[in-house]
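Visitor: Take this structure first; my questions come after.
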Amino acid sequence: MVPFIQEKGIVVQCWYPLGGRGYTAELLGDETIKAIAEAHSVSPAQVILRWDLQRGIVVIPGSSNPEHIKENLDLFGFELSEEEMEQIKALDRGEKHDWY
Ligand SMILES: NC(=O)c1ccc[n+]([C@@H]2O[C@H](COP(=O)([O-])OP(=O)(O)OC[C@H]3O[C@@H](n4cnc5c(N)ncnc54)[C@H](OP(=O)(O)O)[C@@H]3O)[C@@H](O)[C@H]2O)c1
């Protein structure tokens, strides 16, 4: 769906990019995400946010922690490889993330 929307020149924005407040454990604790984070010496949150940015998606992570806010802005000192982008894409379970 995302490429289809982007082809029309519409900007896609990711709500709850980290899973949503109270629901981040699964994404931030994912073994694939953690391994990629380790390889780049960044956090799992930074990997997820960078993955979205590299797909041309606007991210609006929410945080009330100053360290997390700094981290979430620091996304431009590393780049995910094509292979890493594919590894993260492969985590898609084809489920709608719509719990509210
Ligand atoms: N307009 C709409 O209808 C709509 C719908 C959905 C979402 N939104 C907006 O989208 C934004 C994001 O939503 P959200 O905050 O629920 O979801 P989120 O960004 O997916 O998750 C926020 C959670 O991630 C944690 N977090 C943030 N940065 C982190 C980091 N670097 N490392 C570890 N944990 C981190 C935060 O905890 P800490 O505070 O401890 O960092 C918080 O618990 C909000 O501004 C929300 O209002 C709008």
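The values are calculated or read from the model by the stated rules, or taken from the named source; none is laboratory data. These numbers were taken from a predicted model, which means no experiment stands behind them. Positions of Cβ are generated from backbone atoms using ideal geometry, with glycine treated the same way; all protein chains shown enter the neighbour counts.
Visitor: Give just the number: which of (1) within 15 Å of L91 (Cβ to Cβ); (2) touching a strand residue (DSSP E or B) at 6+ places or on another chain (Cβ under 9 Å) does L28 not satisfy?
Guide: Failing condition for L28: (2).
Visitor: Still on this structure, I have one more. Given (1) exposed (fewer than 10 other Cβ atoms within 10 Å of the Cβ); (2) touching a Gly at 6+ places or on another chain (Cβ under 7 Å), identify the lone condition not met by Q6.
Guide: (1)
Visitor: List the residue pairs whose Cβ atoms are under 6 Å apart, where the first residue sits in region 27-39 and is in contact (Cβ under 8 Å) with a residue 12 or more places away in the chain, the second is outside any loop (DSSP other than H, G, I, E, B) and surrounded by 14 or more Cβ atoms within 10 Å (Cβ to Cβ), and the two are 6 or more positions apart or on different chains.
Guide: As it stands, the answer is L28/P44; T32/Q87; I33/P44; I33/V47; I36/V47; I36/E84, since those pairs meet every condition given.
Visitor: Inspect region 8-18 for any residue being within 13 Å of the ligand (Cβ to nearest atom), in contact with a helix residue (DSSP H, G or I) (Cβ under 9 Å, 6 or more places away or on another chain), touching a residue at least 24 places away in the same chain (Cβ under 8 Å) and assigned to a loop (DSSP other than H, G, I, E, B) and give the result as yes or no.
Guide: The first filter runs over region 8-18 and keeps only residues within 13 Å of the ligand (Cβ to nearest atom), leaving 13-18.
Now narrow it down to the ones that are in contact with a helix residue (DSSP H, G or I) (Cβ under 9 Å, 6 or more places away or on another chain): 14, 17-18.
Applying the additional criterion that residues be touching a residue at least 24 places away in the same chain (Cβ under 8 Å) yields 14, 17-18.
After this cut, where a residue has to be assigned to a loop (DSSP other than H, G, I, E, B) as well, the list is 17-18.
Yes - at least one qualifying residue is present in region 8-18.
Visitor: Being near the ligand (Cβ under 9 Å from one of its atoms), out of contact with any strand residue (DSSP E or B) (no Cβ under 8 Å at 6 or more places or on another chain) and outside any helix (DSSP H, G or I) is the filter here, so list the residues in region 60-84 that pass it.
Guide: Selection gives P61, G62, S63, S64, N65.
Visitor: Among the listed residues Q87, Q46, identify the single one that is within 15 Å of the ligand (Cβ to nearest atom), within 28 Å of E7 (Cα to Cα) and at pLDDT 95 or above. Spell out the reasoning first.
Guide: On the way: Q87 fails: within 15 Å of the ligand (Cβ to nearest atom).
Testing whether each residue is within 15 Å of the ligand (Cβ to nearest atom), within 28 Å of E7 (Cα to Cα) and at pLDDT 95 or above leaves just Q46.
Visitor: Let me ask another. Run down G94, G29, G20, G77 and say which single residue is of a type outside the set (D, E) and touching a Phe, Trp or Tyr at 6+ places or on another chain (Cβ under 8 Å). Before the answer, list the steps.
Guide: On the way: G94 fails: touching a Phe, Trp or Tyr at 6+ places or on another chain (Cβ under 8 Å); G29 fails: touching a Phe, Trp or Tyr at 6+ places or on another chain (Cβ under 8 Å); G77 fails: touching a Phe, Trp or Tyr at 6+ places or on another chain (Cβ under 8 Å).
Residue meeting the stated conditions: G20.
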